[in-house]
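The structure appears right after this line, and notes come after that.
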């Protein structure tokens, strides 16, 4: 199964982000917008994991969640991967204690919420500039989610929570 580890967004934060993003969603800019119901902060993308390995993966991430403890987060600003001039991904930024984040995620993992994907790459500098105004309420994350990403017939992926991994 195709797995990732995520910090779920509280409903109020999701609503605040949806309101902030709405003005930049218009137009035919080649974007494939991620549905707000699928938004999350990605901690790690694990890729294809054999079913037999899922219990070990779950135990590993449960331990990391306990060791790291609760995280304080807030969505702020935004950006693009690899950059705003030739973006493949448009994202909202995450303000989080970087020491705690790097103890949990890979050293080079940029905490973010994916908003849209582009193929081919696009110049999204105006969208990134508009995202500078994003600043949601802060929230305390008391755990992670191990999530399976499944394809669906309507071309939008379906996410199924495999496990909740509480922080200490």
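The values are calculated or read from the model by the stated rules, or taken from the named source; none is laboratory data. Remember, predicted model here, so these are calculated numbers, not experimental data. Cβ sites come from the backbone with ideal geometry, for glycine too, and all protein chains shown count toward neighbours.
Note on region 114-168: enclosed strands (runs of 3 or more DSSP E) holding 3 or more residues that are surrounded by 15 or more Cβ atoms within 10 Å (Cβ to Cβ) are 143-150, 158-166.
For region 69-84, the condition of being part of a helix (DSSP H, G or I), at pLDDT below 95 and either farther than 20 Å from residue 132 by Cα or within 13 Å of the chain's Cα centre (by Cα) (or both) holds for none of the residues.
Can you tell me how many residues in region 1-32 are in contact with a helix residue (DSSP H, G or I) (Cβ under 6 Å, 6 or more places away or on another chain) and either assigned to a loop (DSSP other than H, G, I, E, B) or at pLDDT below 95 (or both)? Walk me through how you get there before you give the answer.
The first filter runs over region 1-32 and keeps only residues in contact with a helix residue (DSSP H, G or I) (Cβ under 6 Å, 6 or more places away or on another chain), leaving 5, 14, 18, 24.
Then keep just the ones that are either assigned to a loop (DSSP other than H, G, I, E, B) or at pLDDT below 95 (or both); that gives 24.
Number of matching residues: 1.
With respect to the conditions (1) surrounded by fewer than 17 Cβ atoms within 10 Å (Cβ to Cβ); (2) in contact with a strand residue (DSSP E or B) (Cβ under 8 Å, 6 or more places away or on another chain), residue 52 lacks only one, and its number is (2).
Could you check, for region 10-21, whether at least one of its residues is loosely packed, with under 15 Cβ neighbours inside 10 Å and over 23 Å from residue 136 (Cα atoms)? Taking every residue of region 10-21 in turn, none turns out to be loosely packed, with under 15 Cβ neighbours inside 10 Å and over 23 Å from residue 136 (Cα atoms).
Checking the structure you have, find out if any residue of region 87-97 is outside any strand (DSSP E or B), touching a strand residue (DSSP E or B) at 6+ places or on another chain (Cβ under 9 Å) and either surrounded by fewer than 17 Cβ atoms within 10 Å (Cβ to Cβ) or at pLDDT 95 or above (or both). The answer is yes, given that some residue of region 87-97 is outside any strand (DSSP E or B), touching a strand residue (DSSP E or B) at 6+ places or on another chain (Cβ under 9 Å) and either surrounded by fewer than 17 Cβ atoms within 10 Å (Cβ to Cβ) or at pLDDT 95 or above (or both).
Is it true that residue 100 is surrounded by 13 or more Cβ atoms within 10 Å (Cβ to Cβ), modelled with pLDDT of 95 or more and outside any loop (DSSP other than H, G, I, E, B)? Before you say what the answer is, go through the steps one by one.
Numbers: surrounded by 13 or more Cβ atoms within 10 Å (Cβ to Cβ): yes; modelled with pLDDT of 95 or more: no; outside any loop (DSSP other than H, G, I, E, B): yes.
Criteria not met by residue 100.
Taking only pairs six or more apart or across chains, which ones have beta-carbon atoms under 7 Å, a first residue in region 90-108 that is under 17 Å from residue 64 (Cα atoms), and a second residue that is part of a helix (DSSP H, G or I)? Hits for this filter: 100/68; 103/68; 104/64; 104/68. For region 35-63, a residue qualifies if it is part of a helix (DSSP H, G or I) and without any contact (Cβ under 8 Å) to a residue 60 or more places away in the chain, and the qualifying residues are 36, 37, 51, 52, 53, 55, 56, 59, 60, 63.
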